[in-house]
Amino acid sequence: MTETTRAWAGRRRNAGTEGQQSMPGTLVDAEADEVPPPAPTQVGSRLQLAYLGVCLVLIGFNLRTVFSSFSAVLPEITAQAALPGWAVVVLTTAPVTLLGVFAPLAPVLARRFGAERVLLGAMAVLTVGLLLRPADLGGHLPALLAGTAACGAAIALCNVLLPGVVKRDFPQRLGLMGGLYTTAICASAALGAGFTYPVYTATGEWTLALWSWAVPAAVVLFLFLPIAVRQRSVRHQSVHKGVSVWRSAVAWQVTLFMVLQAMMSFSVFAWLAPILRERGVDGGTAGLIVSASIVLQMLGSLFAPALAARFRDQRAINTVVALMTGAGFALSIFGPLELVWVWAGLLGLGQGSLTAVALTMIMLRTRDGHTAAHLSGMMQGVGYGLGSTGTLLVGQLQQRTGSFEAAGVLFLVVGTLAAVFGYRAGRDRFVG
């Protein structure tokens, strides 16, 4: 390794441990190749800057409720809306697939309209999708499909652009803003899992339980509107810099690591509550178990990146957290039911750490911000696109066998493969 490379690696590792509770290394700017470089969001005072920060965190708060709220009342939706088996599989798989499909479109739209206006448009689409999803348009299935697709597309745009805006507008507060942003995303998944079923119990209507999640999205839409509309629209061009990640073996190892973690991560959102309910856990308790598991994901995501960045290679931590996640998922299906909170806790700690270290690989395996942006785009496009096969396979196996036991075996295999590719991705090598 050259002295220049060692210096860059040292700076990246320092950035990873500076404000360890935030994962700032994962805040990759998707607009890194734009000319001229995007200017910070225009605000008139420190108070307005704080207001912007609140809006960005609240956007993050809406990025996972779509997944966990649907699974919390999936048995009720399936029965009352008379959904065929294929529709259940599509509705749990499509949002994740769309995260990969629409991810490459986000920088293109940002160059034309500006990141703030694209985020505003995405929140508008997300709000409409959440309102449309439970509607009865001569049957619930058409609205469920259309609303779910709109939500997946909107979340994809936010996933790509929001980290770069946070990094660009708060360069001196990356520790604080990165921590708040990460916590908001995890909290959205936990609240979606924990509060949807109680709303259904109180109202007796699954449609009202799903409609309730349009309220926070609409609130953020109106809060962010004054900031977004006042931004000047500046045309940008994309100038390719950095190495070609698509020809790099290291980039593919990191990306496949991301694919395998996404297979498990989104399967937790989509299927853990139905798995627990099939085992005899009541809907309210199942939601609380999933919420607790997701809260423990936050704990893992806080400390795993800092630990990973302390070492020249991450083979050990990548292997351990991948095996923890696969084992936690399998034990939630096969393990003694009286220890289900333990299995869910193991799954949560493993999954949070796994997701965090997979994203941290973006910075630890690249030498500059441009290559990091390209690797991030590759990981999101391929990672979410192929990662959706996890939810698809779980649904198909459940439909064919009538239980989730085959899915337990599947995730033992997926966890093992994640450990293999995590080991290879964790070697002290760089893209290009």
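The values are calculated or read from the model by the stated rules, or taken from the named source; none is laboratory data. Just so you know, these numbers come straight off a predicted model, no measurement behind them. With ideal geometry, Cβ positions are generated from the backbone for all residues, glycine too; neighbour counts draw on all protein chains shown.
Out of region 277-315, which residues are over 22 Å from the mean Cα position of the chain (by Cα), under 16 Å from GLY328 (Cα atoms) and buried (at least 19 other Cβ atoms within 10 Å of the Cβ)? Before the answer, list the steps.
To start, the set of residues in region 277-315 that are over 22 Å from the mean Cα position of the chain (by Cα) comprises 277-285, 310-313, 315.
With the extra rule that they be under 16 Å from GLY328 (Cα atoms), the set shrinks to 279.
Those that are over 22 Å from the mean Cα position of the chain (by Cα), under 16 Å from GLY328 (Cα atoms) and buried (at least 19 other Cβ atoms within 10 Å of the Cβ): none in region 277-315.
Can you give me the ranges of the helices (runs of 4 or more DSSP H) entirely in region 285-402 with at least 1 residues that are in contact with an Asp or Glu (Cβ under 8 Å, 6 or more places away or on another chain) and not basic (Lys, Arg)? If you could, list the steps in order and put the result at the bottom.
On the way: elements: 315-334, 340-364, 369-387, 389-401.
Here the list reads 315-334, 369-387.
Here are some residues: GLY204, GLY175. Which one is at pLDDT below 85 and surrounded by fewer than 23 Cβ atoms within 10 Å (Cβ to Cβ)?
On the way: GLY204 fails: at pLDDT below 85.
Within the list GLY204, GLY175, the selection yields GLY175.
Starting from region 275-304, take each residue that is on the phi > 0 side of the Ramachandran plot and free of Cβ contacts under 8 Å to residues at least 60 places away in the same chain and list its partners that are polar (S, T, N, Q) and part of a helix (DSSP H, G or I), counting only C-beta distances under 7 angstrom and pairs at least six apart or across chains.
none
What pairs come up if the first residue lies in region 371-386 and is within 14 Å of VAL431 (Cβ to Cβ), the second is of a type in the set (D, E, K, R) and crowded, with 24+ Cβ neighbours inside 10 Å, and their beta carbons are under 8 Å apart, counting only those six or more places apart or on different chains?
From region 371-386, the pairs are LEU375/ARG365.
When you go through LEU337, LEU375, LEU359, LEU364 one by one, which is the residue that is at pLDDT 90 or above and aliphatic (A, V, I, L, M)?
Values: LEU375 fails: at pLDDT 90 or above; LEU359 fails: at pLDDT 90 or above; LEU364 fails: at pLDDT 90 or above.
Testing whether each residue is at pLDDT 90 or above and aliphatic (A, V, I, L, M) leaves just LEU337.
State all residues of region 130-142 that are in a helix (DSSP H, G or I) and over 16 Å from PHE67 (Cα atoms); if no residue qualifies, say none. I'd like the intermediate steps shown before the answer.
Restricting attention to region 130-142, the residues satisfying the condition of being in a helix (DSSP H, G or I) are 130-132, 140-142.
Scanning region 130-142 gives HIS140, LEU141, PRO142.
Looking at the structure I just gave you, is LEU99 surrounded by fewer than 22 Cβ atoms within 10 Å (Cβ to Cβ), part of a helix (DSSP H, G or I) and of a type in the set (A, V, I, L, M, F, W, C)? Outline the logic, then answer.
Values: surrounded by fewer than 22 Cβ atoms within 10 Å (Cβ to Cβ): no; part of a helix (DSSP H, G or I): yes; of a type in the set (A, V, I, L, M, F, W, C): yes.
So LEU99 fails the test.
Being surrounded by fewer than 24 Cβ atoms within 10 Å (Cβ to Cβ) and in contact (Cβ under 8 Å) with a residue 24 or more places away in the chain is the filter here, so list the residues in region 186-199 that pass it. Working first, answer last.
Restricting attention to region 186-199, the residues satisfying the condition of being surrounded by fewer than 24 Cβ atoms within 10 Å (Cβ to Cβ) are 187, 191, 194-195, 198-199.
Of everything in region 186-199, those that are surrounded by fewer than 24 Cβ atoms within 10 Å (Cβ to Cβ) and in contact (Cβ under 8 Å) with a residue 24 or more places away in the chain turn out to be ALA187, LEU191, GLY194, PHE195, PRO198.
How many residues does region 251-265 contain that are surrounded by 24 or more Cβ atoms within 10 Å (Cβ to Cβ), out of contact with any Lys or Arg (no Cβ under 6 Å at 6 or more places or on another chain) and either more than 24 Å from THR65 (Cβ to Cβ) or not small (Gly, Ala, Ser) (or both)?
Of the residues in that region, 9 qualify.
For region 379-409, how many residues meet the condition of being crowded, with 23+ Cβ neighbours inside 10 Å, aliphatic (A, V, I, L, M) and at pLDDT 90 or above?
Final tally of qualifying residues: 2.
Given (1) touching a Pro at 6+ places or on another chain (Cβ under 8 Å); (2) within 18 Å of VAL414 (Cβ to Cβ), identify the lone condition not met by LEU354.
Against the list (1) touching a Pro at 6+ places or on another chain (Cβ under 8 Å); (2) within 18 Å of VAL414 (Cβ to Cβ), LEU354 comes up short only on (1).
Under 7 Å between Cβ atoms, at least 6 apart or on separate chains: pull out the pairs that start in region 408-430 with a residue that is polar (S, T, N, Q) and end on any residue that is at pLDDT 95 or above and surrounded by 17 or more Cβ atoms within 10 Å (Cβ to Cβ).
Correct list of pairs: THR416/GLY326.
Please report, ordered by residue number, the helices (runs of 4 or more DSSP H) entirely within region 171-229 with at least 3 residues that are farther than 26 Å from PHE113 by Cα and hydroxyl-bearing (Ser, Thr, Tyr). So that I can check it myself, show each step before the final result.
Numbers: elements: 174-203, 206-211, 214-229.
Ranges flagged: 174-203.
Restricting to region 91-130, name every residue that is hydroxyl-bearing (Ser, Thr, Tyr) and over 14 Å from PHE224 (Cα atoms). Explain how you work it out, then say what you get.
Going through region 91-130, the residues hydroxyl-bearing (Ser, Thr, Tyr) turn out to be 92-93, 97, 127.
Within region 91-130, THR92, THR93, THR97 meet the criteria.
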